[in-house]
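*Asks:* Structure in C-alpha cells, see below.
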Amino acid sequence: MIDVTNSAVDVSTTLFNNQLAAKAESLGYLPDEWLQYIYDEKLFKLFVPKRFNGLGLGFTDVLRKEEKLAGLDGSLAWTVTLCAGAMWFIGFLAPSLSEEVFADEKVCFAGSGFVGGTANLVGDKYLINGSWTYASGALHATHFTANCEILEHGKPVLDAKGKAVVKAFLLKKQEVTILDGWSYMGMIATGSHSFKTKNTAVPLNRAFEILPDKTKIDDPIYKYPFRQLAESTLVANILGLSLRFLELVDECFYIRNQKRKYDQDHLAYYEALKTDWGNRLQSLKTQFYDSVEQSWQQLKNENQISDDTLALVSKNSRTLAVNCRDACSKLHPFSGLEAAKNHTAINRVWRDLNTVSQHALLIFPF
C-alpha cells in the first residue's frame with residue numbers, strides 16, 4: 001500500500017502534508033498518525049518473516065519502499081529504515097526470544113552500531129554497562145540493540161587473533177535511559193537520541209552475533225552482508241529525498257518565474273540543467289537497483305554473492321549518493337528564498353537531505 005498512486009485514498013495528501021510534518025518536527029518524533037500508519041502497514045517489519053507477522057520482503061522490494069517513503073517525508077523514511085534495519089536482527093536472535101518479543105504487534109527496535117559498552121559474564125547473566133548514540137526511533141522503541149565488548153568476571157574476552165570479542169544485546173525499553181542527544185538541523189522527527197544502561201543484568205539469550213553462520217532463521221535475507229545492506233538502505237533514503245527536492249525546486253522556480261518573467265536564455269539554462277541532472281540520477285538509480293537485484297538473485301540461487309557483485313553494489317551506492325548531493329546543490333539556488341524559509345516543505349527536505357547524507361558510509365565515491 002505504499003504505492004499511493006494506486007490507493008483509493010491519497011495517502012500522500014491526507015497523512016504526509018506540511019502541517020503534519022511541522023507537527024512531527026515540533027514533537028521531535030513521529031506523530032501518532034504516522035505511527036499508526038507504520039503499524040498498520042507493518043513498515044517496521046520489512047525484514048521480519050510473515051510467521052512473525054512481518055512483511056518478509058525481498059531486499060530490492062525493501063529498498064523501493066524506503067525510497068518511496070523518503071519522497072513523502074525524510075524523518076518518516078529514516079525512522080522506518082533504521083528501525084526496520086534493527087529488526088532485521090530477528091534473523092540472529094534466539095528463537096524463544098523472538099517468539100516472546102514479536103508477540104507485541106507494535107514491537108520496534110532502535111539501536112546503535114557503536115560499541116559503547118561492556119557485558120560482563122557472571123554466572124548465567126550478563127551485566128551490561130554503557131552508553132550508545134544515534135538510536136533513531138528511540139522515543140517509541142520497545143527494545144534497544146547495543147554492541148558490547150565481552151568480559152568474563154571483569155576480564156576482557158579475546159578471540160583467536162587477540163581482539164576483543166564483541167556481541168550485540170537486546171535490551172527492553174525499561175532497562176535503558178534515553179538521553180536527549182539529537183539536536184541537529186534535519187531529521188528532527190527521528191528522535192535519534194542516545195541511551196545508556198547501568199548494571200543491567202540480562203539472560204544469556206539476549207546476546208547475539210550478526211554473522212552469516214549465526215543465523216537462526218533459514219532465509220537468504222539474513223545472509224545478505226551487513227555493510228552492503230546498510231549502504232543500500234541509506235542511499236535509498238538519499239535518493240528519495242533528492243528526487244523530491246528536485247520536484248520542489250521546479251515548483252519554486254516556476255512560481256518565481258510568474259513574477260520575475262525570466263527570459264528565454266535563463267529558462268533554457270535552467271531546463272537544460274534540470275534535465276541533465278534528472279537524467280543522470282535516473283541512470284544511476286537504474287544501475288543501483290540492477291546491481292542490488294543481481295546480488296539478491298545470486299544469494300537466493302547460489303547461497304552466496306560474489307565479491308565482484310558486492311563491490312559493484314557498494315560502488316553504485318556511493319556513486320549515487322555523491323551525485324544526489326551534487327544534483328541538489330546545483331539546483332538549490334533556483335528555488336530562491338523559499339528554500340531558506342523555516343517550515344516550508346523544500347526547506348525541510350533540504351535540511352533532512354543535508355543531515356542524512358553526512359553518513360560516514362557514503363561520503364566518498366569509492
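The values are calculated or read from the model by the stated rules, or taken from the named source; none is laboratory data. The model shown is predicted, which means the values in this text are computed figures rather than measured ones. We place every Cβ from the backbone using ideal geometry, glycine too, and count neighbours over all the protein chains shown. Accessible surface areas use protein heavy atoms only, side chains included; no ligands, DNA or RNA. Shrake-Rupley method; radii C 1.70, N 1.55, O 1.52, S 1.80 Å.
*Asks:* So Leu361 ticks every box in (1) loosely packed, with under 14 Cβ neighbours inside 10 Å; (2) within 25 Å of Gln287 (Cα to Cα) but one. Which box is left unticked?
*Replies:* So the condition that Leu361 fails would be (1).
*Asks:* Yes or no: region 131-147 includes at least one residue that is outside any strand (DSSP E or B), at positive phi and surrounded by fewer than 20 Cβ atoms within 10 Å (Cβ to Cβ). Please lay out each step first, then the result.
*Replies:* So in region 131-147, the residues outside any strand (DSSP E or B) come out as 136-142.
Applying the additional criterion that residues be at positive phi yields 137.
Going one step further and asking which of them are surrounded by fewer than 20 Cβ atoms within 10 Å (Cβ to Cβ), we end up with none.
So far as region 131-147 goes, no, none of its residues is outside any strand (DSSP E or B), at positive phi and surrounded by fewer than 20 Cβ atoms within 10 Å (Cβ to Cβ).
*Asks:* Right, next: So which residues in region 198-214 are in contact with a helix residue (DSSP H, G or I) (Cβ under 6 Å, 6 or more places away or on another chain) and surrounded by 17 or more Cβ atoms within 10 Å (Cβ to Cβ), if there are any at all?
*Replies:* Thr200, Phe208, Ile210, listed by residue number.
*Asks:* Next up: Please tell me if Lys216 is in a loop (DSSP other than H, G, I, E, B) and under 20 Å from Ser98 (Cα atoms).
*Replies:* So Lys216 fits the description; yes.
*Asks:* Just a yes or no: is a residue in region 38-60 among the small types (Gly, Ala, Ser), at pLDDT 95 or above, closer than 30 Å to Gly181 by Cα and open to solvent by 10 Å² or more (accessible area, probe 1.4 Å)?
*Replies:* No.
*Asks:* Could you list, in sequence order, the residues of region 112-169 that are basic (Lys, Arg) and farther than 15 Å from Glu209 by Cα?
*Replies:* Lys125, Lys155, Lys161, Lys163
*Asks:* Can you name every residue in region 94-130 that is within 16 Å of the chain's Cα centre (by Cα) and surrounded by fewer than 16 Cβ atoms within 10 Å (Cβ to Cβ)?
*Replies:* If the condition is that a residue be within 16 Å of the chain's Cα centre (by Cα) and surrounded by fewer than 16 Cβ atoms within 10 Å (Cβ to Cβ), then Phe114 is the only one that fits.
*Asks:* Which numbered condition trips up Lys330, out of (1) in contact with a Leu (Cβ under 7 Å, 6 or more places away or on another chain); (2) closer than 12 Å to Ser232 by Cβ; (3) open to solvent by 30 Å² or more (accessible area, probe 1.4 Å)?
*Replies:* The one condition Lys330 does not meet is (2).
*Asks:* Can you tell me which of (1) crowded, with 18+ Cβ neighbours inside 10 Å; (2) among the polar types (S, T, N, Q); (3) out of contact with any Asp or Glu (no Cβ under 8 Å at 6 or more places or on another chain) is the one Gln174 doesn't meet?
*Replies:* Against the list (1) crowded, with 18+ Cβ neighbours inside 10 Å; (2) among the polar types (S, T, N, Q); (3) out of contact with any Asp or Glu (no Cβ under 8 Å at 6 or more places or on another chain), Gln174 comes up short only on (1).
*Asks:* Take the conditions open to solvent by 70 Å² or more (accessible area, probe 1.4 Å), in a helix (DSSP H, G or I) and out of contact with any strand residue (DSSP E or B) (no Cβ under 8 Å at 6 or more places or on another chain) and apply them to Asn301. Does it pass?
*Replies:* Working: open to solvent by 70 Å² or more (accessible area, probe 1.4 Å): yes; in a helix (DSSP H, G or I): yes; out of contact with any strand residue (DSSP E or B) (no Cβ under 8 Å at 6 or more places or on another chain): yes.
So Asn301 passes the test.
*Asks:* Which one of these is in a strand (DSSP E or B), open to solvent by 10 Å² or more (accessible area, probe 1.4 Å) and either polar (S, T, N, Q) or under 17 Å from Tyr134 (Cβ atoms) (or both): Ser194, Ser183?
*Replies:* Going through Ser194, Ser183 in turn, just one is in a strand (DSSP E or B), open to solvent by 10 Å² or more (accessible area, probe 1.4 Å) and either polar (S, T, N, Q) or under 17 Å from Tyr134 (Cβ atoms) (or both): Ser194.
*Asks:* Can you find, within region 333-358, the residue that is most open to solvent (accessible area, probe 1.4 Å) among those that are free of Cβ contacts under 8 Å to residues at least 24 places away in the same chain and not polar (S, T, N, Q)?
*Replies:* The qualifying residue most open to solvent (accessible area, probe 1.4 Å) is Leu337.
*Asks:* Could you look through region 130-185, keep only residues that are acidic (Asp, Glu) and touching a residue at least 24 places away in the same chain (Cβ under 8 Å), and pick out the one that is farthest from Cys83 (Cα to Cα)?
*Replies:* Restricting to residues being acidic (Asp, Glu) and touching a residue at least 24 places away in the same chain (Cβ under 8 Å), the top hit is Glu152.
*Asks:* Let me ask you something else. Does Asp276 satisfy the criteria of being free of Cβ contacts under 8 Å to residues at least 12 places away in the same chain, open to solvent by 80 Å² or more (accessible area, probe 1.4 Å) and farther than 12 Å from Leu239 by Cα?
*Replies:* no
*Asks:* Please verify whether region 104-111 includes one or more residues that are in contact with a strand residue (DSSP E or B) (Cβ under 8 Å, 6 or more places away or on another chain) and not hydrophobic (A, V, I, L, M, F, W, C).
*Replies:* Yes, region 104-111 contains a residue that is in contact with a strand residue (DSSP E or B) (Cβ under 8 Å, 6 or more places away or on another chain) and not hydrophobic (A, V, I, L, M, F, W, C).
*Asks:* Failed condition for Thr79, given (1) touching a residue at least 12 places away in the same chain (Cβ under 8 Å); (2) open to solvent by 10 Å² or more (accessible area, probe 1.4 Å); (3) in a helix (DSSP H, G or I); (4) closer than 20 Å to Tyr29 by Cα, with all others met?
*Replies:* (2)
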